[in-house]
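Chemist: So that we are looking at the same thing, I have put the structure below in structure tokens.
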């Protein structure tokens, strides 16, 4: 059996959609299913091909889905596509309905903006169950909540219980695949202005589509060897955050997939919003007391709030201990396998 996946990864869409689809694809491959990716542009083919997946490039503009319908109709017929997983914020309801008339569809619905004509709908947000999906979808299969968070397979194994140190020595700062609001650079350049952070090493990891890496490396060089300033280490596009999360005392993260990686590793942290589609994630983690929330990077006073939250968390060992224990109960790392099984009719 084949599972076809229509998604993208570029500077506009960032890499989150592709990353979670790759997690589902890897889980499906372990079940004996053959995943095949469909993308508009050659640039989006890089990530799935790196993982050894067949990738079909349509040679089209990535955000022109409605005019892609006849192309997909032809491809579905030629390849006899039985199951199609769709993951993009640029798809229209017209496009998804057209696909559903031709094949069995599944769709990642992060935003809950209207009703989608699909066979399976996925919303793994910690806040997903606040929406009336059961009333809205009478015939579709619903995969809701953190049980369906599609983390990569490295998070499936039994992870060590995180040791929460009394003294904070390491802080990890991440924003996902891109950073259009320049949050990582904005935070890092302000480090020198805040007292009490000496002796802490800040590890800043830029994503595949982050254009600020060189500037952050420049700040790291300015801080290097100066005992009066916190130290900065800058890394670009690490293949995994797992070891960095297990090693750090605190993580500062934008509100994407990384929040669920904090959860599965039990990493205390502070979340912030750098795009509107992260609202459900950050509100859900904050309202349940799972993470501190520093606000929207686009708001005035954001960095002051972020540094205030960081200082408070550094000083509050009991808060970090409780946060870690609570986070580990949210995600078990098996969500990708659950999705793959549900949309391909395989058994776990």
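The values are calculated or read from the model by the stated rules, or taken from the named source; none is laboratory data. Everything numeric here is computed off the predicted structure, so don't read it as measured data. Quick reminder, even Gly has a Cβ in these numbers, built from the backbone with ideal geometry, and neighbours come from all protein chains shown.
Chemist: Please find, among 340, 286, 244, the residue that is assigned by TED's automatic domain parsing to the domain that holds residue 85 and part of a helix (DSSP H, G or I). Walk me through how you get there before you give the answer.
Modeler: On the way: 286 fails: assigned by TED's automatic domain parsing to the domain that holds residue 85; 244 fails: assigned by TED's automatic domain parsing to the domain that holds residue 85.
After applying the criteria, what remains is 340.
Chemist: Got a number for residues in segment 242-257 being at pLDDT below 95 and in contact with a strand residue (DSSP E or B) (Cβ under 9 Å, 6 or more places away or on another chain)?
Modeler: Here the count works out to 2.
Chemist: Can you say whether residue 69 is in contact (Cβ under 8 Å) with a residue 40 or more places away in the chain and either over 25 Å from residue 331 (Cα atoms) or not in a helix (DSSP H, G or I) (or both), as far as the supplied structure shows?
Modeler: In short, no.
Chemist: Further question: With respect to the numbered conditions (1) outside the structural domain of residue 48 (by TED's automatic domain parsing); (2) within 19 Å of residue 281 (Cα to Cα), which one is the sole condition not fulfilled by residue 112?
Modeler: Only one criterion in (1) outside the structural domain of residue 48 (by TED's automatic domain parsing); (2) within 19 Å of residue 281 (Cα to Cα) is unmet by residue 112, namely (1).
Chemist: May I ask you to say which residue of 174, 118, 126 is touching a helix residue (DSSP H, G or I) at 6+ places or on another chain (Cβ under 7 Å), in the same structural domain as residue 309 (by TED's automatic domain parsing), within 30 Å of residue 85 (Cα to Cα) and in contact (Cβ under 8 Å) with a residue 12 or more places away in the chain?
Modeler: After applying the criteria, what remains is 174.
Chemist: Across segment 135-183, what is the number of residues that are closer than 30 Å to residue 11 by Cβ, in a helix (DSSP H, G or I) and at pLDDT 95 or above?
Modeler: Of the residues in segment 135-183, 3 are closer than 30 Å to residue 11 by Cβ, in a helix (DSSP H, G or I) and at pLDDT 95 or above.
Chemist: Continuing with the same structure: I'd like to know if segment 290-300 contains one or more residues that are surrounded by fewer than 23 Cβ atoms within 10 Å (Cβ to Cβ) and more than 25 Å from residue 130 (Cβ to Cβ).
Modeler: Yes - at least one qualifying residue is present in segment 290-300.
Chemist: Restricting to segment 190-216, what's the tally of residues that are crowded, with 18+ Cβ neighbours inside 10 Å and part of a helix (DSSP H, G or I)?
Modeler: Residues meeting the conditions: 3.
Chemist: Six or more apart or on different chains, Cβ atoms under 8 Å: show the pairs whose first residue is in segment 1-16 and at positive phi and whose second is surrounded by fewer than 20 Cβ atoms within 10 Å (Cβ to Cβ) and modelled with pLDDT under 95.
Modeler: Within 8 Å, the pairs are 14/209.
Chemist: Right, here's the next one. May I ask you to list the residues in segment 298-348 that are over 18 Å from residue 250 (Cβ atoms) and under 20 Å from the mean Cα position of the chain (by Cα)?
Modeler: 298, 329, 331, 332, 333, 334, 335, 336, 337, 338, 339, 340
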